[in-house]
1. Being at pLDDT 95 or above and touching a Ser or Thr at 6+ places or on another chain (Cβ under 9 Å) is the filter; apply it to the range 389-407 and report the residue that is most open to solvent (accessible area, probe 1.4 Å).
2. Taking the condition of being open to solvent by less than 60 Å² (accessible area, probe 1.4 Å) and more than 28 Å from the chain's Cα centre (by Cα), how many residues in the range 513-522 meet it?
3. Name the pairs whose Cβ atoms lie under 9 Å apart, with the first residue in the range 257-272 and modelled with pLDDT under 95, the second of a type in the set (D, E, K, R) and open to solvent by 30 Å² or more (accessible area, probe 1.4 Å), and 6 or more positions between them or separate chains?
4. List the residue pairs whose Cβ atoms are under 9 Å apart, where the first residue sits in the range 576-602 and is farther than 25 Å from E804 by Cβ, the second is open to solvent by 40 Å² or more (accessible area, probe 1.4 Å) and small (G, A, S), and the two are 6 or more positions apart or on different chains.
5. If a residue must be under 29 Å from I739 (Cα atoms) and open to solvent by less than 60 Å² (accessible area, probe 1.4 Å), how many such residues does the range 464-500 contain?
6. Go through the range 531-569 and count every residue that is open to solvent by 60 Å² or more (accessible area, probe 1.4 Å) and not in a loop (DSSP other than H, G, I, E, B).
7. Please determine, by comparing only the residues of the range 290-331 that are in contact (Cβ under 8 Å) with a residue 12 or more places away in the chain and among the acidic types (D, E), which one is nearest to Y803 (Cα to Cα).
Amino acid sequence: MLMKKIGRNDPCPCGSGKKNKQCCGPRENFQSVKLRSVNVSPPVPLQDALAHHQAGRLPEAEAIYRQILQMQPNDADAHHLLGVIAIQVGKSEVAIELIGKALKLRPDFPEAYINLGNALSDQNRLDEAIACYRQAIKFKSDAAEAHNNLGMALRDQGKLSDAIACYRQAITFKSNNPEAYVNLGNALKEQGKIDEAIACYHQAIQCKPDFADAHNSLGIALKNQGKINEAIICYRQILTFQPDNAAAHNNLGAAYKDQGKLEEAIGCYGVAIKYKSDFAEAYINLGNALKVQGKLDQAVACLKHSLAIKETIEAKIDFAACIKNVSFTQDDPENRQLIIRALSEPWGRPADLAGTGINILKLNQNMSECTERAAQTWPTRLSAQELYGSSGFSSVADDRLLQCLLENVPICDVELERFLTMARLAMLNATIGPAVSVEPNEQIFYCALARQCFINEYIFSYTDEEFDQAQSLRERVVTAIAAKSSVPAAWLISVAAYFPLFSLPTIEALFDQSWPEAVNALLVQQIREPREEQQYRAQIPRLTPIDDEVSLLVQQQYEENPYPRWIKCQQRDNHLSLEAYLRQQFPFAPIKPLEKNDAIDILIAGCGTGWQSIQTAQQFRQSRVLAIDLSVTSLCYAKRKTHELGLENIEYACADITKLESSGRTFDAIESIGVLHHLADPKAGWQMLLSLLRPNGFMRLGFYSEYARRNIIAARQFIDQQGYAGNAADIRRCRQDLISMKDNEQFKKLLSFNDFYGTSECRDLLFHVHEHHFTLPQIKKILEEFDLEFIGFFLEAHVTQKYEVRFADDTSKTNLDYWNIFETENPDIFSGMYQFVVQKRG
């Protein structure tokens with residue numbers, strides 16, 4: 001018996017373009033039974049077992065297979081078919097063992113190789129699965145199922161072209177093969193070849209008119225083309241012959257959501273869950289729809305339910321995207337644990353989750369009292385006893401969420417920053433005397449605090465006396481290292497909270513000592529990783545000269561203060577081509593196909609410390625990414641993080657955007673977010689990038705909005721008037737002055753920017769050496785002049801929903817005149833930047 005695998009109809013139409021097995025109907029069906037020989041009839045017990053097996057009576061079939069093995073321990077068929085049952089009930093390890101025995105007994109058993117490959121594939125052991133499918137083809141070259149399943153495994157590895165060739169082979173050997181047609185269509189759809197995919201789905205339906213997977217896939221493809229009404233017809237067609245098809249109800253809900261019919265969508269998701277209570281994807285879609293409606297508590301509950309069913313990458317990302325907008329009112333242990341995981345694994349961008357983590361942290365009574373005491377007495381510093389109160393230091397030191405925040409993100413909360421500033425002083429006061437021992441929980445907390453200070457680049461303020469004490473302790477550590485004496489951990493941790501350890505001479509000698517885990521992590525962060533970055537400097541190629549006056553100033557800023565500072569980035573699990581991804585993001589936009597979709601060339605023009613280039617390289621793993629920046633220091637950070645993540649499809653180089661014509665290279669896509677507005681002439685830089693873009697190529701761009709930056713502009717004027725410089729000392733002093741004016745509405749707004757809470761980030765936010773601001777009419781004029789097609793803005797779903805209500809006639813959401821009106825009515829919607837995609841007309 002062969003287990004026939006049907007490809008996953010990903011991406012599922014849940015509004016964010018995900019793939020999920022549940023949305024595709026059954027993954028496995030039964031095919032004809034393959035026995036020892038064509039000319040030999042199976043014995044009666046095996047016939048009886050097969051009858052039970054094909055009828056779905058698995059316990060009865062298993063009992064007979066086991067009876068056969070008691071009488072004939074070397075019966076390869078019985079071992080194989082028991083393995084098939086194990087696959088069906090989700091016991092892939094057992095299946096691997098059983099089918100492996102069958103193959104030892106009969107090494108030329110192609111059906112067993114196919115099913116062993118299926119079991120290995122279920123465990124994501126794709127290389128081994130591929131080897132099994134190839135073995136099956138070796139013994140039976142026309143085994144359509146082997147070619148089909150080999151295609152699925154190759155597709156899961158992101159090898160779309162190879163997978164497509166396999167599906168075509170499967171169809172060659174078995175023309176009436178609806179599953180292979182669906183799989184071929186899915187792969188073509190991922191390549192952005194929607195019309196070819198649709199033809200495959202129609203072919204599958206012709207082979208099998210009641211094939212729900214084919215109708216579902218056709219509906220998804222039509223939806224991606226913006227043909228929502230036609231997609232709805234497909235899903236309703238399924239419900240005529242399968243009224244309880246949960247996937248169809250789920251996809252129908254997604255189509256209604258795209259039409260802005262949220263109540264209808266929510267109803268469909270509910271029906272999908274009614275028919276399939278463990279339908280994780282439907283819970284995700286329901287949660288996302290409720291989030292758009294502003295029902296955040298209900299949305300979080302749905303997404304948590306999805307995670308409880310199955311922890312997929314998609315569920316984690318959506319949970320993180322939802323929870324970042326939630327303001328909790330009680331310190332719930334489950335939410336606390338989930339946010340710890342979301343921050344540390346991470347499930348989303350940690351900086352986006354910091355606010356939620358701090359919200360939950362401050363709901364703890366002990367933490368709340370500590371932060372309030374610090375805020376009320378500021379700028380007077382409290383002693384440790386006064387700061388920690390009657391609950392004592394352990395109530396803070398044992399808080400796992402606090403430790404997680406300190407190690408992963410800059411703390412973006414004024415009250416908590418003041419508490420931590422005092423906690424750092426308390427730590428220093430406890431260690432400036434003779435060498436002292438530190439309790440394990442104290443050590444873990446103090447190491448986390450020192451790591452936080454390194455992450456935010458020592459932005460916490462300090463008094464002159466405090467700095468002198470820290471400097472004195474630093475000298476004691478240097479002296480001890482020079483004398484090859486043992487350095488107390490408490491000294492080292494305190495110094496690391498005021499100075500980066502890599503700045504100390506001969507500091508590498510510390511690795512000769514044995515340290516506790518928390519201290520060792522601190523040494524890696526502050527010594528080993530910076531040293532590794534320095535070693536990359538000689539490896540960064542220089543593509544162009546940098547001699548423009550403004551470019552040199554910008555380069556100097558980012559050499560001194562690389563931007564952005566980040567620790568971790570979320571996982572990505574996307575096999576979509578760039579074109580298919582954009583069609584999902586902007587289903588009604590006038591997107592034209594690229595000439596190729598697999599190994600495309602992408603330029604990241606201004607990659608900074610690598611966050612953007614790494615996200616892009618993860619998302620489009622078959623692409624070739626060239627990431628350039630003015631700052632070698634930033635590029636070294638990016639290169640270290642890229643190596644850490646094991647990515648091999650990114651090339652880094654130092655270059656000036658305005659001189660890139662000398663590179664002689666062209667690209668299918670170019671990303672330049674938050675970069676062009678720092679050039680002397682942003683329009684000229686944009687035009688230069690456009691000259692490197694191939695016909696029908698895409699550009700993702702980001703520009704500062706004049707409306708949204710009004711508070712930043714006011715703060716910059718204040719900074720100029722007060723004469724603050726862009727160095728670390730003045731940034732610290734300026735921040736404290738701005739915080740003290742929190743009653744000023746313009747300055748109060750600054751406290752909501754995450755970039756306000758790190759030295760490099762604050763310099764980029766308020767002290768940048770050169771920047772321009774734009775309005776949407778200005779951008780529209782440039783698009784017309786450059787003959788670019790506007791595809792759409794990247795925005796939160798609730799903003800897009802609000803726009804749809806305001807301008808219902810703009811189905812594609814590409815009318816920039818409307819968007820200009822919308823921004824004047826909602827001046828903070830582009831508080832980050834205008835982030836949008838355009839396409840070069842071919």
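1. It comes out as E407.
2. Qualifying residue count, the range 513-522: 4.
3. Taking only residues 6 or more apart or on different chains, the pairs are K257/E264; G260/E804.
4. Listed by first residue and then by second, the contacts come to E595/G842; D598/S161; A599/S161.
5. Of the residues in the range 464-500, 12 are under 29 Å from I739 (Cα atoms) and open to solvent by less than 60 Å² (accessible area, probe 1.4 Å).
6. Summing the residues that are open to solvent by 60 Å² or more (accessible area, probe 1.4 Å) and not in a loop (DSSP other than H, G, I, E, B) in the range 531-569 gives 11.
7. D318
Yes or no, residue by residue, for (1) of a type in the set (S, T, Y); (2) in contact with a strand residue (DSSP E or B) (Cβ under 9 Å, 6 or more places away or on another chain):
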| site | (1), (2) |
| --- | --- |
| F698 | no, yes |
| G702 | no, yes |
| S705 | yes, yes |
| R709 | no, no |
| I713 | no, no |
| I719 | no, no |
| N727 | no, no |
| R733 | no, no |
| I739 | no, no |
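The values are calculated or read from the model by the stated rules, or taken from the named source; none is laboratory data. Small disclaimer: the values here were computed from a predicted structure and weren't measured. All Cβ positions, glycine included, derive from the backbone under ideal geometry; neighbour counts span all protein chains shown. Heads up: the accessible areas ignore ligands, DNA and RNA and are worked out on the full protein's heavy atoms, side chains in. Shrake-Rupley method; radii C 1.70, N 1.55, O 1.52, S 1.80 Å.
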